[in-house]
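Read through the structure below, which is laid out as structure tokens, and then see the notes.
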Amino acid sequence: MQKCTKRLWGHVFAILLISFFFAATPIGSPVEAGVYRQAPMLAEKTKAGELPDVDARLPVTPVLVQPVKSIGHYGGTWRMAMRRGRDHALLIRTIGYENLIRWNPEWTGIVPNIAQSYTVNDNATVYTFKLREGIRWLDGAPFTADDILFWYNDVLLNKDLTEGLDAWRISNGKKFEVEKLGKYEVAFRFDEPQGMFLEYLAAPEGAEATSYPAHYLKPYHIDYNPDANSKARAAGFKDWTQQFYDVFGKPGTIDDKSRWLNPDLPVLNAWLLKGTYTVDEPLEAVRNPYYWKVDPAGQQLPYIDRISYEVVESKADARQVAREGRVDMQVRHMNVFAEEVFDNPQDWPDLTTFEAIDTDNNTAALSLNLNHRDPVLRNIFQNKKFRIALSHALDRKAIIAKALDGKGKPFQVGPRPESPYYNDQLATQYLDYDPAKAKAILDEMGLKVGPDGIRLRPDGKPLSVFLDTVGEKRFEIIKAVAGYWRSVGIDVTARNLERSAFYDMRAVNQHDVSAWGGDGGIAVMLAPIYYFPYTYESLFATRWARWFQSPDDPAAEIPPTAVRRQMDLYHQLTEQGSAEKRKRMMREILQIAADEFMVIGVSLPPVRHGIYRKTMHNIPAVMPAAWSYPTPAPTNPAQYFIR
């Protein structure tokens, strides 16, 4: 890792901005009609009359994707490994990122995608998108403004299907309307300025507006089919809404496994599933004959014919699949094995690595449940002194040496040093390993030590908690954390849970302490989940986050004054058209986060790696690694090829 550190560390984010690693990607430039080419497997279908000619399948102005290194070749299967159960994020990151607009590969800006162009008015209340004429769903039906209007009018505003505007997270709860200006033009109109709408729309959740094929879904919708209820009941469903969920999935966010269960649902993606997620193993995807992007030679993308996801139980199993030569390119789940390949390339002559610049703010964000169902634990957890004591109880250097192979440095949960929002107090406070100070603080709180060395709660019960995570690597970290906390009198049981169980417990507030990777190290404004209770992923205060998202939510709880101030600032921030004002407000939010110290950190993640076989081409040398930038999707996997 040292050679990587010498070359990059201190300049990591700047390197991401250098176009050397990514060829420019001009968007929307037309290629002369009549010269398009298609994959051999599609040419056979065209010749047999099963498909229209490639020119007829492409839009008037396809997206022109500039390959990273060279024009590619058609064919082959891209193999990956996915976990059984809750791993649909791998699908989003590889075949599910096609929004109106998208991040450029460097994550330095936003480029048109399904929308050929867009404009924003001066006060950021009206966003107008001109769609690419001739884009088609995978069944050949045209994609038009009517599909977006169906999503808005008939799904988002339908109280039987959603809970209202808050169901679409990226709207940030603001009232807006969608207006059809023409067959290929729509306008989003907000009552108040929405300065960050483009950033929200470029994130994975922004796929909502372009995910609803009206022609396919209308027969299941009561407003278009008066027999929808009777037909749904005849099919075994309670009513039409339940059948709608069955054929489409849960409206509101693509980040739900139900959205990947119907392989017959028309999509706009480069590859389409040919099996059912959570059922078929391996899970296969095949090229979309109506995909609407081309390379500079006029070849319809994608280059690769098929994707095969081998389904396994754990991250360790996924890495074993890679060791056995059955992974062609992957970032997710590959971290430990990728470091082996990077450190010992001579042992893996068929593989190489690329740098995945970690944008997380921490290897393990330790979130005490400040909204705990147990009022005694809630009061203890909400006491800032308790969190300070637990922080001083950690020997982070020893944890890094033992659990992280010596890579990284002690760091609290805050923006990374490469970020313009870096806050030194937030990043470095309470990092000193001082178990004597930790014990003194706990004594001061009145948490007396019992005869077995475990401290007692005010009600006389032992101070016992579960510390949960998902994944072997982070489990090694929290086992060490649990040991240090036990040494100051807290009875901690570390648990490595199955991903679905982890999230299910947190959805119903049945958790004590959580450890997860800290998103928002670089995408501070877009993913502030550890700086204030922002979404269900703000595991330190999910009930306060519910209040932020929807005050009328029966599970919501009113946050304290300082947290409400953060929420007010964030609402104001999203209403600002001025970038400078947004920055000032975000910095105030971070300063409050520093003063409140709601989440405990362990260490700053180092540069990590993904792997790919040397037969895979057009893989960028560097890419960000984040959820907001759904790695590797913005690097245009449709231009990867196998040779």
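Restricting attention to region 95-113, does a residue exist that is under 30 Å from Gln320 (Cα atoms), outside any loop (DSSP other than H, G, I, E, B), of a type outside the set (Asp, Glu) and open to solvent by less than 40 Å² (accessible area, probe 1.4 Å)? Explain how you work it out, then say what you get.
Start the filter on region 95-113 by keeping residues that are under 30 Å from Gln320 (Cα atoms), which leaves 95-97, 105.
This time we only want the ones that are outside any loop (DSSP other than H, G, I, E, B), so: 95.
Still in the running and of a type outside the set (Asp, Glu): 95.
Okay, now just the ones that are also open to solvent by less than 40 Å² (accessible area, probe 1.4 Å), so 95.
Yes: one or more hits.
Remark: pairs (first residue in region 33-53, in a loop (DSSP other than H, G, I, E, B); second residue among the aromatic types (Phe, Trp, Tyr) and crowded, with 16+ Cβ neighbours inside 10 Å; Cβ separation under 6 Å; 6+ apart in sequence or on different chains) = Ala39/Tyr74.
Quick check on region 578-608: of everything there that is among the aliphatic types (A, V, I, L, M), open to solvent by 10 Å² or more (accessible area, probe 1.4 Å) and in a helix (DSSP H, G or I), which residue is modelled with the lowest pLDDT? It comes out as Ala579.
I need the full set of residues from region 169-189 which are modelled with pLDDT under 90 and either in contact with a Ser or Thr (Cβ under 7 Å, 6 or more places away or on another chain) or part of a loop (DSSP other than H, G, I, E, B) (or both), in order please.
As a first pass, look at region 169-189 and keep what is modelled with pLDDT under 90: 169-176.
Arg169, Asn172, Gly173, Lys174, Lys175, listed by residue number.
When the residues of region 609-630 are filtered to those that are open to solvent by 10 Å² or more (accessible area, probe 1.4 Å) and at pLDDT 95 or above, the one that is farthest from Leu426 (Cα to Cα) is Thr615. Only residues that are in a loop (DSSP other than H, G, I, E, B) and surrounded by 17 or more Cβ atoms within 10 Å (Cβ to Cβ) were counted in region 266-277, giving 6. In region 183-208, the residue that is most open to solvent (accessible area, probe 1.4 Å) out of those that are more than 23 Å from Leu90 (Cβ to Cβ) and among the aliphatic types (A, V, I, L, M) is Leu198. Of the set (1) in a loop (DSSP other than H, G, I, E, B); (2) modelled with pLDDT of 95 or more; (3) buried (at least 21 other Cβ atoms within 10 Å of the Cβ), all apply to Ile522 but (2).
Any residue at all in region 479-488 that is assigned to a helix (DSSP H, G or I), buried (at least 18 other Cβ atoms within 10 Å of the Cβ), touching a Ser or Thr at 6+ places or on another chain (Cβ under 8 Å) and among the aliphatic types (A, V, I, L, M)? Checked region 479-488: at least one residue is assigned to a helix (DSSP H, G or I), buried (at least 18 other Cβ atoms within 10 Å of the Cβ), touching a Ser or Thr at 6+ places or on another chain (Cβ under 8 Å) and among the aliphatic types (A, V, I, L, M).
I'd like the residue in region 114-148 that is acidic (Asp, Glu) and assigned to a loop (DSSP other than H, G, I, E, B) and, out of all such residues, is surrounded by the fewest Cβ atoms within 10 Å (Cβ to Cβ). So that I can check it myself, show each step before the final result.
Step one: list which residues in region 114-148 are acidic (Asp, Glu), which gives 122, 133, 139, 146-147.
Retained after the next criterion (residues that are assigned to a loop (DSSP other than H, G, I, E, B)): 122, 133, 139.
Numbers: Asp122: 8, Glu133: 14, Asp139: 15.
By that ranking, first place goes to Asp122.
Quickly run through region 442-460 and pick out the residues that are surrounded by 13 or more Cβ atoms within 10 Å (Cβ to Cβ) and in contact (Cβ under 8 Å) with a residue 24 or more places away in the chain.
Taking region 442-460 first, the residues surrounded by 13 or more Cβ atoms within 10 Å (Cβ to Cβ) are 442-443, 445, 447-450, 454-458.
Once the filter is applied, which keeps residues that are surrounded by 13 or more Cβ atoms within 10 Å (Cβ to Cβ) and in contact (Cβ under 8 Å) with a residue 24 or more places away in the chain, region 442-460 yields Leu442, Met445, Leu447, Val449, Ile454, Arg455, Arg457, Pro458.
Among all residues of region 394-404, there is none that is farther than 27 Å from Asp360 by Cα, modelled with pLDDT of 95 or more and surrounded by fewer than 22 Cβ atoms within 10 Å (Cβ to Cβ). For Ser419, are the conditions met, namely being open to solvent by less than 20 Å² (accessible area, probe 1.4 Å), at pLDDT below 95, within 20 Å of Val524 (Cα to Cα) and under 26 Å from the mean Cα position of the chain (by Cα)? When the stated conditions are applied, Ser419 passes them.
Which of the strands (runs of 3 or more DSSP E) contained wholly in region 298-382 include at least 2 residues that are modelled with pLDDT of 95 or more and either open to solvent by 40 Å² or more (accessible area, probe 1.4 Å) or in contact with a helix residue (DSSP H, G or I) (Cβ under 6 Å, 6 or more places away or on another chain) (or both)? Let's see the steps before the verdict.
On the way: elements: 306-312, 351-358, 365-368.
Of the strands (runs of 3 or more DSSP E) lying wholly inside region 298-382, those with at least 2 residues that are modelled with pLDDT of 95 or more and either open to solvent by 40 Å² or more (accessible area, probe 1.4 Å) or in contact with a helix residue (DSSP H, G or I) (Cβ under 6 Å, 6 or more places away or on another chain) (or both) span 306-312, 351-358.
Across region 461-477, the number of residues qualifying as in contact with an Asp or Glu (Cβ under 8 Å, 6 or more places away or on another chain) and surrounded by 15 or more Cβ atoms within 10 Å (Cβ to Cβ) comes to 6.
Assess whether Pro263 counts as being in contact with a strand residue (DSSP E or B) (Cβ under 8 Å, 6 or more places away or on another chain), crowded, with 17+ Cβ neighbours inside 10 Å, of a type outside the set (Val, Ile, Thr) and free of Cβ contacts under 8 Å to residues at least 24 places away in the same chain.
Details: in contact with a strand residue (DSSP E or B) (Cβ under 8 Å, 6 or more places away or on another chain): yes; crowded, with 17+ Cβ neighbours inside 10 Å: yes; of a type outside the set (Val, Ile, Thr): yes; free of Cβ contacts under 8 Å to residues at least 24 places away in the same chain: yes.
So Pro263 fits the description; yes.
Would you be able to say whether some residue in region 64-86 is part of a loop (DSSP other than H, G, I, E, B) and closer than 30 Å to Glu177 by Cβ? The answer is no, given that none of the residues of region 64-86 is part of a loop (DSSP other than H, G, I, E, B) and closer than 30 Å to Glu177 by Cβ.
Of all residues in region 244-265, those satisfying the criterion of being part of a loop (DSSP other than H, G, I, E, B) and not hydroxyl-bearing (Ser, Thr, Tyr) are Gly249, Lys250, Pro251, Gly252, Ile254, Asp255, Asp256, Leu261, Asn262, Pro263, Asp264, Leu265. On inspection, Ala515 qualifies as under 24 Å from Val492 (Cβ atoms), open to solvent by less than 10 Å² (accessible area, probe 1.4 Å), among the aliphatic types (A, V, I, L, M) and under 18 Å from the mean Cα position of the chain (by Cα).
Determine, yes or no, whether Glu575 is surrounded by fewer than 23 Cβ atoms within 10 Å (Cβ to Cβ) and in contact (Cβ under 8 Å) with a residue 60 or more places away in the chain. It is true that Glu575 is surrounded by fewer than 23 Cβ atoms within 10 Å (Cβ to Cβ) and in contact (Cβ under 8 Å) with a residue 60 or more places away in the chain.
The values are calculated or read from the model by the stated rules, or taken from the named source; none is laboratory data. As the structure is a computational prediction, the values presented were derived from the model and not from experiment. Ideal geometry is used to build each Cβ from the backbone, glycine not excepted, and the neighbour counts take in all protein chains shown. Ligands, DNA and RNA are excluded from the accessible area calculation, which covers all protein heavy atoms including side chains. Shrake-Rupley method; radii C 1.70, N 1.55, O 1.52, S 1.80 Å.
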